[in-house]
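Step one of this worksheet: look at the structure below.
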């Protein structure tokens, strides 16, 4: 019984390390998004950190329009990054979980 418990604890520690490594790797996965007309471009990591922002000078003439563009485009980029982030972390967590009865339905 204790051998199984120790094995599970070891597997959980290994999974924690894999999750940490995956989070670190997601800092290098870049998500690009742009406004429909291409006047605003955003690049962020799969961990949702903005890395680059390109604003066409046409948008600098209208503060309200620029703010709308920023909100819409950044939110679209964050949505894409969140999908990638959650899928990658869920895959690592599911793969690394020990076989605990009743827990198999949590990571589908």
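Values in this text are rule-based calculations from the coordinates and carry no lab data. Please read all numbers here as calculations on a predicted model, not as lab measurements. Cβ atoms come from the backbone with ideal geometry, glycine included; neighbour counts cover every protein chain shown.
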task = Please enumerate the residues belonging to segment 56-78 that are over 30 Å from residue 92 (Cα atoms) and touching a strand residue (DSSP E or B) at 6+ places or on another chain (Cβ under 6 Å).
result = 69
inquiry  = Looking only at strands (runs of 3 or more DSSP E) that lie completely in segment 1-91, which have at least 2 residues being out of contact with any helix residue (DSSP H, G or I) (no Cβ under 8 Å at 6 or more places or on another chain) and exposed (fewer than 14 other Cβ atoms within 10 Å of the Cβ)?
reply    = 50-55
